């Protein structure tokens, strides 16, 4: 059976991603892909699990912010994802 996978030639092939020389060889300028967008991560355990007393005012504040800013809202898995 033929290997139908596609392999990309890269400095990272067969290298440890914690090797300081590899990291140094791949460093470059930071390019902001969405420079006019703010990313907000809402913690699962710290925000979402606390219920409506905390979540509703936060949702209201974020809704007001959407009138002037572009936002990407994300949430983490919280404590359940670390088990």
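Restricting the search to segment 40-59, which residues are at pLDDT 85 or above and surrounded by 10 or more Cβ atoms within 10 Å (Cβ to Cβ)?
Across segment 40-59, the qualifying residues are 40, 41, 54, 55, 56, 57, 58, 59.
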Is there a residue being under 18 Å from residue 73 (Cβ atoms) and in contact with a strand residue (DSSP E or B) (Cβ under 8 Å, 6 or more places away or on another chain) anywhere in segment 49-57?
no
Can you name every residue in segment 12-39 that is surrounded by fewer than 11 Cβ atoms within 10 Å (Cβ to Cβ), out of contact with any strand residue (DSSP E or B) (no Cβ under 7 Å at 6 or more places or on another chain) and not in a loop (DSSP other than H, G, I, E, B)?
20, 21, 24
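For the subset of segment 60-83 comprising residues that are farther than 19 Å from residue 34 by Cβ and in a loop (DSSP other than H, G, I, E, B), which member is modelled with the lowest pLDDT? Reasoning before the result, please.
So the first thing to find is which residues in segment 60-83 are farther than 19 Å from residue 34 by Cβ, and the list is 60-61, 63-64, 76-83.
When the remaining residues are screened for being in a loop (DSSP other than H, G, I, E, B), the result is 76-77, 83.
Numbers: 76: 71, 77: 67, 83: 59.
It comes out as 83.
The values are calculated or read from the model by the stated rules, or taken from the named source; none is laboratory data. Since the structure is predicted, the reported quantities are computational estimates derived from the model, not experimental observations. Glycine gets a Cβ as well: all are built from the backbone with ideal geometry, and neighbour counts include every protein chain shown.
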